[in-house]
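The values are calculated or read from the model by the stated rules, or taken from the named source; none is laboratory data. Source: prediction; values computed, not measured. Methodologically, a virtual Cβ is constructed for each residue, glycine included, from the backbone with ideal geometry; neighbour enumeration extends over all protein chains shown.
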Amino acid sequence: MAINIDKLGEQIFKVLKGHGLTLELFTNDGKSTVDPLEAKRFYNGENKIMVNLESNDEKYELKVNLGKSTDVDSIRKLLDNLRNLANRNIVEYTLRTFGKDIEPKDFAYQAKKDSEMTVQESFSKPYGSSKSSYQALENARLIIKHKKHVDEEVRGSRSRNIHSLFIENAEGERYKFPVNNLSAARAMLRHIKEGGNPYDELGAHIISLSEEFAQLQKFRNYAKKNSLVSEDTAEVVEGVSNRLDKIKKEFKSLGGTKGYKVYSENFETKTIPLEEEGLDSLRDQFTVRNFDENVADALPHVARIVKEIATDKDRVARLRALIDKVTKGGEITLRKPLDPNDPDNPENRRYTNDVAKLGAFSGFLSNYVVDDEISNMLSQLGVDIHDMEPKAQLTAAKLLTYMKKSAKVKNPKEASVDATATTVEKIEESFSKYDPELFLL
């Protein structure tokens, strides 16, 4: 869902005004304004609150900054409404309290810094001659050699008819990118600008992805051109398309400032072996009269995708089995109440993302469930959930919410189960953009 950043700013304004706050409005670069559609920073002097709506690389964040003297209890309902607004619009929500009372001037420097960074960190508009185009990123640049003369009158002409791509670092060293893929080359340009090189682990990963993308794209085009998409092969072709979309998103993320930072910090070198089994079967399925050997290099990638599709089905089947067991097997019994002081309780640990926390909660809950089969299935879910599709992850979140709310403690004299009351509900809320019915897969 595309986010209208101006509309969201107006909604923030309405929420703040709805709570009776007197506001000073500022644009993203710190200039005063009276137009809620232009405003990205909202300041209330009485309560010392500054609400910022920030965007970068199509990622949005609603930041609420509180001063030292801000009475949090008096604005609790307001904070809840702002958080709910962020969740409804799939926007990250951050709440910070400063060690002093804040003023608009405290954010003026940051606005200027953000503005300068946006100019510095963005790719320049392509420019050049009739046969070569250039796109700069600070002191590094991408060089595009064209097969045909560039027609400046045609929009996007500097991104077409590519003969070859080169990347040049700040020292003038030039590297030929092995695949004619602009998104991939921009990802490499960002990597080099950030101090990397084509031969380090992340550089090699970008090249590997670009080569895989080219091979899979050639395979998909071959299958469609030769009318090889049938009832038997449609799932394979769809799996290839999904993999292509995923790689595209990785290139886009790597090309952006924040996206590159997150990706590089979490990047781990993994050698995923290509699948060698089943190649003859795939060759038979995707043969017209004579197999086109130009797409042969893609077959190991396609075979791996076929195996991943089967593995995904197994994960979903295990989740469905757990749902049936929980919803049709009667009462869910715990050995004892969930312990808020248990070191394995997800509320007592930090996780890189919601899915990791959800998986941890599933494993945590498995240790308390009396039924051994359900306990084992929960342990397996804690492993499976990391590789599930988002809709299946949401279904798992809803199931865990259901289990936590309906579970009974073996000894009825002991306390009811509410020690981790916020864990799965918060995670489930973060998946709300998928909004399927309960347990719908």
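Taking each residue of region 1-17 that is surrounded by fewer than 15 Cβ atoms within 10 Å (Cβ to Cβ) and looking for partners that are at pLDDT 90 or above and not basic (Lys, Arg) with beta-carbon atoms closer than 9 Å, six or more apart or interchain, yields 17/23. Those strands (runs of 3 or more DSSP E) of region 22-107 in which at least 1 residues are buried (at least 19 other Cβ atoms within 10 Å of the Cβ) and either of a type in the set (D, E, K, R) or touching a helix residue (DSSP H, G or I) at 6+ places or on another chain (Cβ under 8 Å) (or both), considering only elements entirely within it, cover 24-26, 41-44, 49-56, 59-66. Within region 321-368, being free of Cβ contacts under 8 Å to residues at least 12 places away in the same chain, more than 22 Å from residue 386 (Cα to Cα) and in contact with a helix residue (DSSP H, G or I) (Cβ under 8 Å, 6 or more places away or on another chain) holds for one residue alone: 341.
Being surrounded by 14 or more Cβ atoms within 10 Å (Cβ to Cβ), at pLDDT 70 or above and within 26 Å of residue 189 (Cβ to Cβ) is a description that applies to residue 259.
In region 64-102, the qualifying residues are those that are among the acidic types (Asp, Glu) and without any contact (Cβ under 8 Å) to a residue 24 or more places away in the chain, and the one that is farthest from residue 9 (Cα to Cα) is 73. Within region 139-149, identify whether any single residue is surrounded by 13 or more Cβ atoms within 10 Å (Cβ to Cβ), part of a helix (DSSP H, G or I) and at pLDDT 80 or above, and answer yes or no. Within region 139-149, not a single residue is surrounded by 13 or more Cβ atoms within 10 Å (Cβ to Cβ), part of a helix (DSSP H, G or I) and at pLDDT 80 or above. Whenever a residue of region 299-311 is polar (S, T, N, Q) and at pLDDT 80 or above, its partners that are part of a helix (DSSP H, G or I) and surrounded by fewer than 19 Cβ atoms within 10 Å (Cβ to Cβ), lying with C-beta atoms within less than 8 angstrom and at least six residues away or across chains, give the pairs 311/387. Can you tell me which residue within region 157-205, out of those that are among the polar types (S, T, N, Q) and within 26 Å of the chain's Cα centre (by Cα), is farthest from residue 246 (Cα to Cα)? Only one residue fits best here, namely 197.
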